[in-house]
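What follows is one structure encoded as structure tokens, with my remarks underneath.
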Amino acid sequence: MSPDKKAKPSGFDALRREVIGAGLCTACGACIGVCPAKCIKFDYEMEEPVLSGECQPCGLCHLVCAGKDIPMPQMERMLFSRERSLEEESLGVWRSRLIGYAGDPLIRQSGTSGGCATALLTYALEAGIIDGALCVGMSAAQPWRAIPRLATKSSEILDSAKSKYVVVPVNALLNEARQRGIKKLGIVGLPCHIHALRKMQMHGQPGSVLRNIEFAIGLFCGSGFSFATTRHLIAKFAGVPLTNIARLEYRGGPNSEDMYVTTVDGLKKIIPGKERTSINLRTRRDRCTVCLDFSAELADVSIGDIFVAGGKGRLPHYSAMLVRTEAGDSLVGGAEKAGYIKTSPLKPSGFYYNIGLELKKQLLPHFFLERKRVGWPIPDYHREINPLPPRLISEEDAVSEQKSQIPEVAEWLARKPES
């Protein structure tokens, strides 16, 4: 090509060919949320973006997509002014490791683990740090479907609490937030959602969206799941048609473990957490088998469950937190000072026994390298991939650490039956 001829910007056709058609789409929704022509929508049956109008090939959708290209070193330098060290390989760059829970008992009981993500968003909204939060809620028209939600009230944030184990294109609402006049936006997402946001910031496009983003809270993630898994769980264990469902909670109950299905007649069907987890682990989306980010390594604050060593499962009503950036420090510090959350330092054992870490850092890298060897599609992380050893800290040391640091663990270990 001669120097005076510029390449035509790649549009949705390139995205469909190189990412969606190659099985590398994370379904994060970023392509939808940045499209100036509004010609991309999310197909909830195929669980992927589709062209819904005439593409004006500006190249934005291809530029911000983190399905195929994830330049982690460059984004780490942008965000942290350095790349991670060898010691940070399992969790990414962090400034502080914390255990915490929401100061409001209602938020703590209503949220996943300690309710810290809900509490931080509520604080940010009520303190005027943001005027809207991009999160995930359940559809009013189809209560069995999780959808992206733009919350502008504390009650809407609380209603969006708890994990949803299904594909949700959170970033699809980025344009809508701007159009609705949201000038200061907080975002909660999985690692794939955060990857796309940081790619936007790395490229400085689209400016109209980036100007509104105040912070990003990332959630620990072992894998994403197709709605087909949800449909199967409901059919197998609840035995009710989707149209007879008034409310679906992926993690309900006093310890936020079991899946709750409430019918329009008020009947409550409980799907045991061990059944949900077992089927989920066997049916993760294929793209998630090549995602190696467990703890949302590019978020301002990352939040997730604490798993008790010895196979005892999740510790209820407590969150593990990784504060990574100055913006994250400011958010967490302000929320604690105002009483929205309570925190204390957390040692490595609070993170190392999470099943998501075992999957993403110890097991999936083997399959990633195998796919690379045989020529199957994989994302490019722009860094060397190596599986971590299976024991980052011994079980005995982990139990001792957890007992000494978290008084509730001793009681939990005493009463929780062996799995």
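The values are calculated or read from the model by the stated rules, or taken from the named source; none is laboratory data. Everything quoted here is computed from the prediction, not taken from an experiment. Positions of Cβ are backbone-derived with ideal geometry, glycine not excepted, and every protein chain shown enters the neighbour counts.
Number of residues in segment 366-384 that are surrounded by fewer than 17 Cβ atoms within 10 Å (Cβ to Cβ) and out of contact with any Lys or Arg (no Cβ under 8 Å at 6 or more places or on another chain) equals 13.
When the strands (runs of 3 or more DSSP E) confined to segment 1-106 are screened for residues that are basic (Lys, Arg), those reaching at least 1 such residues are found at 40-43, 96-102. Of the candidates Lys274, Lys268, the single residue that is without any contact (Cβ under 8 Å) to a residue 12 or more places away in the chain and outside the structural domain of Thr122 (by TED's automatic domain parsing) is Lys268.
When Ile378 is tested against (1) within 22 Å of Cys192 (Cα to Cα); (2) in a loop (DSSP other than H, G, I, E, B); (3) more than 23 Å from the chain's Cα centre (by Cα); (4) in contact (Cβ under 8 Å) with a residue 40 or more places away in the chain, exactly one condition is not met: (3). Whenever a residue of segment 34-56 is in the same structural domain as His193 (by TED's automatic domain parsing), it has no partner that is surrounded by 16 or more Cβ atoms within 10 Å (Cβ to Cβ) and among the β-branched types (Val, Ile, Thr) lying with C-beta atoms less than 7 angstrom away and at least six residues away or across chains. Of all residues in segment 17-35, those satisfying the criterion of being surrounded by fewer than 20 Cβ atoms within 10 Å (Cβ to Cβ) and of a type in the set (Gly, Ala, Ser) are Gly21, Ala22, Gly23. Arg324 - would you say it is surrounded by fewer than 19 Cβ atoms within 10 Å (Cβ to Cβ) and in contact with a Ser or Thr (Cβ under 8 Å, 6 or more places away or on another chain)? In short, no. Each residue in segment 202-218 was checked for being surrounded by fewer than 18 Cβ atoms within 10 Å (Cβ to Cβ) and either under 23 Å from Leu322 (Cβ atoms) or among the hydrophobic types (A, V, I, L, M, F, W, C) (or both), and 2 pass. Scanning segment 241-272 for residues that are at pLDDT below 90, within 23 Å of Ser223 (Cβ to Cβ) and not acidic (Asp, Glu) gives Gly252, Gly253, Asn255, Ser256. Taking the conditions exactly as written (touching a residue at least 24 places away in the same chain (Cβ under 8 Å) and crowded, with 21+ Cβ neighbours inside 10 Å), does Gly310 satisfy them or not? No; evaluated as a whole, the condition is false for this residue.
Inspect segment 309-321 for any residue being in a strand (DSSP E or B), aliphatic (A, V, I, L, M), closer than 30 Å to Ala124 by Cβ and not assigned by TED's automatic domain parsing to the domain that holds Glu257 and give the result as yes or no. For segment 309-321, residues in a strand (DSSP E or B), aliphatic (A, V, I, L, M), closer than 30 Å to Ala124 by Cβ and not assigned by TED's automatic domain parsing to the domain that holds Glu257: present.
When Ala338 is tested against the conditions (1) buried (at least 18 other Cβ atoms within 10 Å of the Cβ); (2) more than 22 Å from the chain's Cα centre (by Cα); (3) not assigned by TED's automatic domain parsing to the domain that holds Leu233, the lone failure is (1).
When Ile406 is tested against (1) farther than 25 Å from Phe80 by Cβ; (2) at pLDDT 95 or above, just one condition goes unmet, and that condition is (2). Looking at (1) under 27 Å from Glu47 (Cα atoms); (2) touching a strand residue (DSSP E or B) at 6+ places or on another chain (Cβ under 6 Å), which is the one condition that is false for Asn175? (2) is the only condition that Asn175 fails. Set side by side, the residues Arg383, Arg391 differ, and just one is in contact with a helix residue (DSSP H, G or I) (Cβ under 7 Å, 6 or more places away or on another chain) and either at pLDDT below 85 or under 20 Å from Leu91 (Cβ atoms) (or both), which is Arg383.
The number of residues in segment 107-139 being surrounded by fewer than 19 Cβ atoms within 10 Å (Cβ to Cβ) and modelled with pLDDT under 95 comes to 2.
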